[in-house]
Amino acid sequence: MTGRLTPEALEARLREVGAQRYHNLHPFHRLLHSGKCSKGQVQAWALNRYYYQAMIPLKDGSLIGRCDDPALRREWRKRLEDHDGDDTHPGGIERWLKLTDGLGLDRDDVVSTRLLLPATRFAVQAYVHFVRERSLLEAVASCLTEMFSPQIISERMAGMLANYDYITPATLAYFQKRPPQAQRDATFALDWVTRHARTAEQQQAVIDTLAFKCDVLWCMLDALHHAYVSPRLIPPGAFVPADSDG
């Protein structure tokens, strides 16, 4: 970038990144949504994605812990409740476990994360460390993939319900509640970063951060595709589906 963008131009650049790099374009997601995955491949996706879901509160907690702005802390606490739940309402993590339960996965295997693909662990930890170590502006910007998540959730629910007879609306409870939360969070974060990215360098950092976060999500699907679709090279210690050729 050679000059500072208007807020509208910055948003347009961010949406361009999503249009080009968001993981709804990944071949694995297209297989998943079109009903072309085996049950074992769907299980592998849900088991590995659990680690990402479970680490989100740790990521968000680290952002809150170094934030001087009470208004930003108050807004970000909603994310912790969304994922962790409270004494009366289950959060997103628990609803994700309803998905893995419904797919026939042992809950202890899922929660222990001992069967993760190595690349899943590496990618998610890279994201958590990014939020802990980079500027607050970059940490907030890292969640801007939520701008695009309502569309992929809609595609996922429709495709999985239509194409897998073992998937029910109850199994997909996580996705039923997530779109309005993601829309709320994305609206806040986009407004915050466009107001606080005051220089061309800061705006470029926001754009680069969104690209990095897209890379994290893409990397996770690359690992799933490599292990469970082609060439089906499952790393030692990782989840092996019952319907695996091996």
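Numbers at a glance
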| quantity | calculated |
| --- | --- |
| Relative contact order, percent, the chain [alpha-carbon distance under 8 Å, six or more residues apart] | 35 |
| Shape call, the range 44-91: gyration tensor on alpha carbons, a/c limit 1.5 | oblate |
| Answer label for mean projected area of the Cα convex hull in nm² (calculated), chosen among [x] 14.4; [y] 13.5; [z] 12.1 | [y] |
| Net charge contributed by nearby residues that have their C-beta within less than 14 Å of Leu115 (K/R +1, D/E -1) | +1 |
| Cα shape, the range 1-96, gyration tensor, a/c 1.5 rule | oblate |
| Vicinal HN-Hα couplings computed from phi for the range 178-191 (Karplus, 6.51 cos²θ - 1.76 cosθ + 1.60; Hz; Gly/Pro x) | 6, x, x, 5, 5, 5, 4, 5, 5, 4, 5, 5, 5, 4 |
| Gaussian network model of the chain, Cα within-10 Å springs - most flexible of Asp69, Asp101, Asp60 | Asp69 |
| Proximal lysine pairs, the chain, alpha carbons under 23 Å, eight or more residues apart or interchain | 11 |
| Burial ranking of peptide ranges 23-31, 72-80 (average Cβ count within 10 Å, highest at the top) | 23-31, 72-80 |
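Taken together, the values in this text are just the output of simple stated rules run on the coordinates, not laboratory data. Since the model is a prediction, treat every value here as computed from it, not as a measurement. Glycine gets a Cβ as well: all are built from the backbone with ideal geometry, and neighbour counts include every protein chain shown.
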